[in-house]
1. Solvent-accessible area per residue for the stretch 69-157 at a 1.4 Å probe radius, Å²?
2. Compute the length gained on full extension between I127 and R107: take 0.36 nm times their separation in residues and subtract their Cα-Cα distance, giving the result in nm to one decimal.
3. Kindly sort I156, I30 by accessible area of their heavy atoms, largest first, with the probe set to 1.4 Å.
4. For a quick check of understanding: with a 1.4 angstrom probe and all protein chains in place, what accessible area in square angstrom does F147 have, to the nearest ten?
5. Using the Kirkwood radius built from alpha carbon pairs, what does the Stokes-Einstein equation give as D for the stretch 98-151 at 20 °C and 1.002 mPa s, in µm² per second?
6. Whole-Hz Karplus ³J(HN,Hα) for the stretch 131-143, in order, using 6.51 cos²θ - 1.76 cosθ + 1.60 and θ = phi - 60°, x for Gly and Pro?
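The values are calculated or read from the model by the stated rules, or taken from the named source; none is laboratory data. These numbers come from a predicted model, not from an experiment. Accessible surface areas use protein heavy atoms only, side chains included; no ligands, DNA or RNA. Shrake-Rupley method; radii C 1.70, N 1.55, O 1.52, S 1.80 Å.
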Amino acid sequence: MISYLSSAAGSAMKGKSPLLISVFFFILFIGLSGFGLNSVGRRLKVSHMEARFGAAESALRQGQMQVAGRGYRGGLEAWHQALELGCYYPDISGEYLLAGNCYQQQRQPRAAIKCYEEGLPCDPVSISLLTTLGGCAFRLGDYEKAFAALQKSRSIYPLKKEVRPLWKKLRLETRGEKR
């Protein structure tokens, strides 16, 4: 009798196993679908930021300062919305570079530096992030941060011509502080 009960319980569990596995995979599917939608949503917001930045740069070249300002602000708004969404894709340093550039155009250099610094873990050898971080820090008078960023940039790509004038100014500034 005991063996009959244990075999009946075993067969009842065998009947429930496919159902439990199905429920598990259904819940997993729903969770991953939500995560996937967030990933697509974030990429869409970043694309919107890229488009707004491009339009603002074009307006700036044409001398339309107000239109450019609205474009940069719209790009930053899209960036903040993108940051609220979790995503599957790893953070891409170009997103942070673009957001930092929008902040610089809006005359918010501290926010720009923060974006550049947040982008560096995604791509620690990004010449663009390092040089813009160094240039922005230099303009703020944070020579130590500028020197560190530009030194790292220079060690990765020593011949980058855009960095040379800033490097010379930085060396003059740091020599002036040591005296």
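1. Numbers: 4530 Å² over 89 residues.
Normalised by residue count, the accessible surface of the stretch 69-157 is 51 Å².
2. Numbers: separation 20, 0.36 × 20 = 7.20 nm, distance 2.22 nm.
Full-extension gain reported as 5.0 nm.
3. Values: I156 70, I30 90 Å².
Of I156, I30, the descending order of accessible area is I30, I156.
4. 80 Å²
5. On the way: Rh = 10.6 Å.
For the chosen part, D equals 202 µm²/s.
6. Here the 3J(HN,Hα) series is 6, 5, 4, x, x, 5, 5, 4, 4, 7, x, 8, 5 Hz.
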